[in-house]
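Asks: Please read through the structure below; I'll follow up with questions.
The values are calculated or read from the model by the stated rules, or taken from the named source; none is laboratory data. Note that the structure is a prediction, hence the values are computed from the model and not measured. Heads up, the Cβs are rebuilt from the backbone with ideal geometry, glycines too, and the neighbour counts pull from every protein chain shown. Please note that ligands, DNA and RNA were not included when accessible areas were found on the heavy atoms of the full protein model with its side chains. Shrake-Rupley method; radii C 1.70, N 1.55, O 1.52, S 1.80 Å.
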Amino acid sequence: MQVKPIAEVIAFLQPIANRVGVEIIDAQWNAREKSLTVFIDREGGVDMNLCEAFHRAIDEPLDELDPTYGAEYTLNCSSAGLDRPFKTERDFIKHIGEKIEVHFYAPFEGKKYYEGELLSFTEGVISLKADKKIIEIPFDKTAKVCLLIEV
């Protein structure tokens with residue numbers, strides 16, 4: 001199935017997201033299931049009612065955009081989830097002071113994983129208080145950064 005680029009779909013949906021009061025975190029095509037899932041977030045969190053409201057708000061406009069060039073697909077709207085990877089500067093800034101986990105592709109200062117308090121994110125560098133010291137980590141060295149979920 002041929003589909004329009006995700007960036008184009010997100011840009012098209014952004015004004016609607018602004019009206020509904022949500023932030024589009026990501027969108028993904030699943031070719032096997034023939035589905036488009038739009039992941040959203042909002043201060044205070046996302047519940048089923050908000051997902052449903054956003055789904056209703058974008059359903060008709062997406063039909064006009066025709067992201068699959070006439071092919072049938074299923075539209076899903078979902079919370080991005082607490083454990084979603086940080087992708088933008090905004091993700092980091094809104095979680096300053098919280099505990100995060102940082103995973104690496106290759107060892108960084110001898111470790112493939114750190115957890116600690118996020119102190120700042122400036123010019124692509126994560127400042128993390130971990131192991132009783134402050135560690136400066138270039139974001140481009142990370143495989144995944146997300147909130148630390150303690151159970």
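Asks: Given the C-alpha atoms of the stretch 6-78, compute the convex hull and give its volume per residue in Å³.
Replies: Details: hull volume 6.0 nm³, N = 73.
Expressed per residue, the convex hull around the Cα atoms of the stretch 6-78 is 82 Å³.
Asks: How far apart, in nm, are two points set 7 Å out from the Cα along the Cα-to-Cβ line at residue 68 and at residue 148?
Replies: Placing both labels 7 Å along Cα→Cβ, they lie 4.2 nm apart.
Asks: Sticking with this one: Could you give the length gained by full extension between residue 31 and residue 60, i.e. 0.36 nm per residue of separation minus their alpha carbon distance, to one decimal place?
Replies: 8.3 nm
Asks: Suppose the chain between residue 6 and residue 140 were pulled fully straight at 0.36 nm per residue; how much longer would it get relative to their current alpha carbon spacing?
Replies: This chain segment gains 46.0 nm when fully extended.
Asks: Something else now. How large is the convex hull of the Cα atoms of the stretch 41-108 per residue, expressed in Å³ as a whole number?
Replies: 154 Å³
Asks: Once R0 is set to 30 Å, what does the formula 1/(1 + (r/R0)^6) return for the Cβ-Cβ distance between residue 49 and residue 129, expressed as a FRET efficiency to the nearest 0.05?
Replies: 0.20
Asks: Which of the pairs 4/144; 34/99; 4/87; 34/111; 87/111 have their Cα atoms more than 29 Å apart in this structure?
Replies: Working: 4/144 27 Å; 34/99 37 Å; 4/87 22 Å; 34/111 40 Å; 87/111 22 Å.
Distance filter (> 29 Å) returns 34/99; 34/111.
Asks: Residues in the stretch 12-33 near a label at residue 94, defined as backbone nitrogen under 19 Å from the 7 Å Cα→Cβ point?
Replies: The answer is 12-28, whose backbone nitrogens lie closer than 19 Å to the label point.
Asks: Now for a separate question. Among 36, 21, 125, whose Cα lies farthest out toward the positive end of the dipole of the chain, if unit charges sit on the beta carbon of Lys, Arg (+1) and Asp, Glu (-1)?
Replies: Of 36, 21, 125, it is 125.
Asks: Quick one: putting +1 on the C-beta of Lys and Arg, -1 on the C-beta of Asp and Glu, what dipole do you get for the chain around its Cα centre, in Debye to the nearest 20?
Replies: 520 debye
Asks: Roll a 1.4 angstrom probe over the protein heavy atoms and tell me the percent of accessible area of the chain that is carbon or sulfur.
Replies: For the chain, the apolar C and S fraction of the accessible surface comes to 50 percent.
Asks: I need the phi-derived Karplus couplings for the stretch 80-88: 6.51 cos²θ - 1.76 cosθ + 1.60, θ = phi - 60°, integer Hz, Gly and Pro marked x.
Replies: Once rounded to whole Hz, the list reads 5, x, 5, 9, 5, x, 6, 10, 10.
Asks: Measuring with a 1.4 Å probe in the full set of protein chains, what accessible area per residue, in whole Å², belongs to the chain?
Replies: Computed with neighbouring chains in place, this is 60 Å² per residue.
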